[in-house]
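The values are calculated or read from the model by the stated rules, or taken from the named source; none is laboratory data. This structure is a prediction, so every number in the text was calculated from the model and none was measured. A quick note on method: Cβ atoms are made from the backbone with ideal geometry, for glycine too, and the neighbour counts reach across all protein chains shown. These area figures cover heavy atoms from the full protein model, side chains too; ligands, DNA and RNA do not enter into them. Shrake-Rupley method; radii C 1.70, N 1.55, O 1.52, S 1.80 Å.
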Amino acid sequence: MKKNVWITEDNGNLAISYRVKETIHEEQTDFQHLTVVDTYDFGRMLFLDGFVMTSIKDEFVYHEMITQPAVNTHQNPEKVLIIGGGDGGAVRELVKHPKVKQITLVEIDGRVIENSKKYLPEIAASYDDPKVTVLVDDGIKHIKENKNFYDIIIIDSTDPIGPAEGLFSGEFYRNVSEALKEDGIMVAQTESPFADDKLIKRIHQDLQGIYPLVKLYLAYIPTYPTGMWTFTMASKKYDPLKVKAEDIPELQHRYYNKDIHFASFVLPNFVADIVK
Ligand code: SPD
């Protein structure tokens, strides 16, 4: 007989449950509670403090969309920094890009990296690539210590509570801008337009005070509550909508392509209203 065990992400007013085949691993790290489960519908899933971080079934959407629009907008995206992203999905996507030469991942919780390598090898697939340097350190501190160095900075954070709260602040975004070169681009995951409209608006306004070009874009991620998810790109020079489609390399992507590059910046009216 099949077991009837469920794991639930409970946001207070909204809860989403997944039926579990097997609990693979559970531990309290120095920073958060980490759980890896195998689920019937989404395969293995990583939860941090009870919130879904990634699933084998839909992770490609998030990891392609937090990396590819920026690397295909920047004309020379050689040095890329990822803050967070310890599961390795963003690393895997950046390694694919021929123009990216050096990827630095700064993850505060080394246990996320170790457990992802062990239990989510499809996602943590590129840590051994020679382009990749991993630092287990505080991303906020790393940003303050590096000035005018990176072409792209990707903020692949958890939700804005707990260890990641500081990664959503105006002060942090200003420091990110100083860590970028004069033509740099920053991308952050910025939550759901249904659940987090005030946060998205505040982030947008903060970034507009720092960068000449700020654009919100969308992707569809079933395991992130409400399904519709936003990313915010802030750029010192390059406009993602002025990219030539023929310059976007045909890499092995399951979600991102030349049309999605432009279409993801087309916003439904209610989303456009959040950032107008
Ligand atoms: N509510 C989910 C937000 C999580 C965003 N980051 C996930 C990390 C995947 N690399």
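Values computed for the structure shown
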| item | result |
| --- | --- |
| Count of the stretch 192-238 residues which are touching a Phe, Trp or Tyr at 6+ places or on another chain (Cβ under 7 Å), within 13 Å of the ligand (Cβ to nearest atom) and either open to solvent by 40 Å² or more (accessible area, probe 1.4 Å) or acidic (Asp, Glu) (or both) | 1 |
| Residue match in the stretch 125-141 (condition: modelled with pLDDT of 95 or more, open to solvent by less than 10 Å² (accessible area, probe 1.4 Å) and of a type in the set (A, V, I, L, M, F, W, C)) | no |
| Restricting the stretch 1-42 to residues that are part of a loop (DSSP other than H, G, I, E, B) and within 16 Å of the ligand (Cβ to nearest atom), the residue that is surrounded by the most Cβ atoms within 10 Å (Cβ to Cβ) | Gln32 |
| Odd one out for Val132 among (1) touching a residue at least 60 places away in the same chain (Cβ under 8 Å); (2) under 18 Å from His63 (Cα atoms) | (1) |
| Residue within the stretch 66-77 that is over 13 Å from Trp229 (Cβ atoms) and free of Cβ contacts under 8 Å to residues at least 40 places away in the same chain present | no |
| Subset of the stretch 144-161 (residues that are at pLDDT below 95 and open to solvent by 50 Å² or more (accessible area, probe 1.4 Å)) | Ile161 |
| Residue in the stretch 77-84 that is within 21 Å of Phe168 (Cα to Cα) and of a type in the set (Asp, Glu) present | no |
| Every residue from the stretch 266-276 that is part of a helix (DSSP H, G or I) and buried (at least 16 other Cβ atoms within 10 Å of the Cβ) | Val271, Ile274 |
| The stretch 85-105, subset more than 13 Å from the chain's Cα centre (by Cα) and of a type outside the set (S, T, N, Q), residue nearest to Phe168 (Cα to Cα) | Ile103 |
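The rows are residues; the columns are (1) over 30 Å from Arg174 (Cβ atoms); (2) touching a residue at least 40 places away in the same chain (Cβ under 8 Å); (3) open to solvent by 40 Å² or more (accessible area, probe 1.4 Å).
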{"position": "Leu241", "(1), (2), (3)": "no, no, yes"}
{"position": "Ile248", "(1), (2), (3)": "yes, yes, no"}
{"position": "Leu251", "(1), (2), (3)": "yes, yes, yes"}
{"position": "Asn257", "(1), (2), (3)": "yes, no, yes"}
{"position": "Ser264", "(1), (2), (3)": "no, yes, no"}
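Yes/no per residue for (1) away from the ligand (no atom under 13 Å from the Cβ); (2) open to solvent by 30 Å² or more (accessible area, probe 1.4 Å):
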position	(1), (2)
Asn72	yes, no
Ile83	no, no
Gly88	no, no
Glu107	no, no
Glu114	yes, yes
Tyr119	yes, yes
